[in-house]
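Worksheet: one structure, shown below.
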Amino acid sequence: IIQNRQAISARISLLGITTGLKNTAMEWFGSNDVQLHSSQRRQCRLEGLDMFESNHPNYISTNSQSFDDCLYKCSWKDGCNAVSYNSKTRKCTSVQRRSGLMIYPVRDTYSTSIYCSSGWSSFEGWKQCVKRDVKLGSGHTLATASRVASLEECVSLCQMTDDCTAVTYTSTSCSLIQYLSAGHTVTSPGTDSINLKCLVSDKPVEKCMMSETVFSNQYRIGMTRVSDLRKCVEFCGNGVKGCEGVSFSDSTLSCEAFSTRDSQNTFRDVNYSSVSLACIGISES
């Protein structure tokens, strides 16, 4: 453990963080569990490590049949950004911070941030979402890191940083951005930008679809008309600030974007189906 902590410290130093990053999991880069290669899906599950954080308002601890079931429940819960699951007790614990308040070794326990796997879409997904020679012109810059080796690694750093939803990357810096609004871009040669929520758009939606349900109107933040549920998910991921879930009607082709993904904020409506973007993010491509 001591040796691993030394590796973690060295990794953080190599990243060259130029502003304070609180509530991040940069230390995960020091673990072999996270592989930063675009040619294969990363192993996001941390084995034998527990994320501890029991003092946030959305804290839940419940029973789940499996790690995947625990992760699925989190993806439909507002405020849940990571989980720890004990395979022996089947206890599923939600965590608000993407890396928890602290991480410590516990047997039979597995942990992950729900954002860890969300950036791994297909090659076509990356091709669609990466904006070449473009700098994002809106949003709050949370931090800037130097000596980040690739856009993929920059995205991975964003995934582990609380509130990060987009990145702007050059050969010399990686900027982590919060609350990206669509359409605000600036031409900048040599700069690549990406909105992380865009990356879920080519993943399967079927496993994450709740039939005959619609999210509550009080959370609605956008509306449009599209041809199918997939296009509705793209609308949410690409163009609506703060969008967490969508409801789509096959009969009217109405697509509604919401600031919630909580299953408790849905109502029965036979004309609609609803999807959580976080749920799509944890699905296999």
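Check region 41-54 and report whether any residue there is under 15 Å from the mean Cα position of the chain (by Cα), open to solvent by 80 Å² or more (accessible area, probe 1.4 Å) and modelled with pLDDT of 80 or more. Yes, some residue in region 41-54 is under 15 Å from the mean Cα position of the chain (by Cα), open to solvent by 80 Å² or more (accessible area, probe 1.4 Å) and modelled with pLDDT of 80 or more. Exactly one residue out of SER64, SER75, SER87 is open to solvent by 50 Å² or more (accessible area, probe 1.4 Å), modelled with pLDDT of 90 or more and of a type in the set (Gly, Ala, Ser), and it is SER87.
Residues in region 246-278 that are in contact with a Lys or Arg (Cβ under 8 Å, 6 or more places away or on another chain), assigned to a loop (DSSP other than H, G, I, E, B) and under 19 Å from PRO204 (Cα atoms): ARG261 only.
Of the residues screened, SER283 is not one that is out of contact with any strand residue (DSSP E or B) (no Cβ under 7 Å at 6 or more places or on another chain), more than 24 Å from THR112 (Cβ to Cβ), open to solvent by 10 Å² or more (accessible area, probe 1.4 Å) and hydroxyl-bearing (Ser, Thr, Tyr). Considering each residue of region 172-210, count those that are closer than 17 Å to SER276 by Cα, acidic (Asp, Glu) and buried (at least 17 other Cβ atoms within 10 Å of the Cβ), and give that number. Within region 172-210, residues that are closer than 17 Å to SER276 by Cα, acidic (Asp, Glu) and buried (at least 17 other Cβ atoms within 10 Å of the Cβ) number 1.
Kindly check whether there is at least one residue in region 127-136 that is closer than 22 Å to VAL246 by Cα, outside any loop (DSSP other than H, G, I, E, B) and either open to solvent by 20 Å² or more (accessible area, probe 1.4 Å) or modelled with pLDDT of 85 or more (or both). Yes, region 127-136 contains a residue that is closer than 22 Å to VAL246 by Cα, outside any loop (DSSP other than H, G, I, E, B) and either open to solvent by 20 Å² or more (accessible area, probe 1.4 Å) or modelled with pLDDT of 85 or more (or both).
Given the criteria touching a residue at least 60 places away in the same chain (Cβ under 8 Å) and under 19 Å from the mean Cα position of the chain (by Cα), does CYS198 qualify? Yes; evaluated as a whole, the condition is true for this residue. Put simply, of TYR115, TYR104, TYR169, TYR59 the only residue that is among the aromatic types (Phe, Trp, Tyr) and at pLDDT 90 or above is TYR169. Give the residue that is farthest from CYS164 (Cα to Cα), with candidates limited to residues of region 196-213 that are modelled with pLDDT under 85 and in contact with a Leu (Cβ under 8 Å, 6 or more places away or on another chain). So, considering only residues that are modelled with pLDDT under 85 and in contact with a Leu (Cβ under 8 Å, 6 or more places away or on another chain), the one farthest from CYS164 (Cα to Cα) is VAL200.
Residues are listed down the side, and each one gets a yes or a no for (1) open to solvent by 70 Å² or more (accessible area, probe 1.4 Å); (2) charged (D, E, K, R); (3) touching a Pro at 6+ places or on another chain (Cβ under 8 Å):
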position: GLU212; (1), (2), (3): yes, yes, no
position: ASN217; (1), (2), (3): yes, no, no
position: SER227; (1), (2), (3): yes, no, no
position: VAL233; (1), (2), (3): no, no, no
position: CYS243; (1), (2), (3): no, no, no
position: THR260; (1), (2), (3): no, no, no
position: SER263; (1), (2), (3): no, no, no
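Determine whether VAL155 is outside any strand (DSSP E or B), at pLDDT 85 or above, more than 19 Å from the chain's Cα centre (by Cα) and among the aliphatic types (A, V, I, L, M). Here the answer is no, as VAL155 does not meet what is asked.
The values are calculated or read from the model by the stated rules, or taken from the named source; none is laboratory data. All figures in this text were calculated on a predicted structure; none of them were measured in a lab. We place every Cβ from the backbone using ideal geometry, glycine too, and count neighbours over all the protein chains shown. For accessibility, only protein heavy atoms count, side chains too; no ligands or nucleic acids. Shrake-Rupley method; radii C 1.70, N 1.55, O 1.52, S 1.80 Å.
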